[in-house]
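The values are calculated or read from the model by the stated rules, or taken from the named source; none is laboratory data. The structure presented is a predicted model; accordingly, all values stated were derived computationally and were not measured. All Cβ positions, even for glycine, are placed from backbone atoms using ideal geometry, and neighbour counts span all protein chains on display. When the accessible area is computed, the model is the full protein with side chains, heavy atoms only, and any ligands, DNA or RNA have been set aside. Shrake-Rupley method; radii C 1.70, N 1.55, O 1.52, S 1.80 Å.
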Amino acid sequence: MDEQTICAALKGNYQPEHLFALRQAIILYDVYQRQVNECDVQIEAVLDRLCINSSEPDEPIPKPKHIAKQANAMTFDVREKLYRLMGADLT
């Protein structure tokens, strides 16, 4: 894209109330993302505690059937921890 195309795309009728609503939405999105990350940390800590007394599975974890980036994927490898805890691939 050239500079003229970008400049033309940015021209608009920016109403103050729309900019305010957009700013509020972005702030809330960032807050919710931090909350989700805190939940991931707590879930990982609980799974780590649960795995303390479990033994390593006899077989390595099978390869995933579908490799797709999930929009709300955990920030850690939950599949491996669940496999160690349950001894089966639940995902």
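Given the Cα-Cα distance of Gln24 and Ala88 and 0.36 nm per residue of separation, how much length would full extension add, in nm? Intermediate values should be presented prior to the final figure.
Values: separation 64, 0.36 × 64 = 23.04 nm, distance 4.37 nm.
Taking Gln24 through Ala88 to full extension adds about 18.7 nm, to one decimal.
Listed options for Cα extents along the principal axes in Å are (1) 63, 28, 17; (2) 38, 25, 22; (3) 50, 29, 26. The value calculated from this structure is the one marked (1).
I'd like to check one number: the per residue accessible area of the chain, probe 1.4 Å, reported in Å² as a whole number. Mind dumping the intermediate values first?
Numbers: 8210 Å² over 91 residues.
Solvent-accessible surface per residue comes out at 90 Å².
Of the DSSP H helices in the chain, those with a Cα length along their own long axis of 27 Å or more and a mean Kyte-Doolittle hydropathy reaching 0.0 comprise 16-51.
Can you give the FRET efficiency to the nearest 0.05 for Glu38 and Lys11, using r as the Cβ-Cβ distance and R₀ = 35 Å?
Values: r = 40 Å, r/R0 = 1.14.
After rounding to 0.05, the efficiency reads 0.30.
Electrostatic tally near Gln24: other residues with Cβ closer than 14 Å to its Cβ, Lys and Arg +1, Asp and Glu -1, net -1.
Count the net charge of all other residues whose Cβ sits under 11 Å from the Cβ of Tyr83, scoring Lys and Arg as +1 and Asp and Glu as -1.
-2
For the chain, the carbon plus sulfur part of the accessible surface works out to 58%, probe radius 1.4 Å. Our summary gives the chain a relative contact order of 28 percent, counting only alpha carbon pairs under 8 angstrom and 6 or more residues apart.
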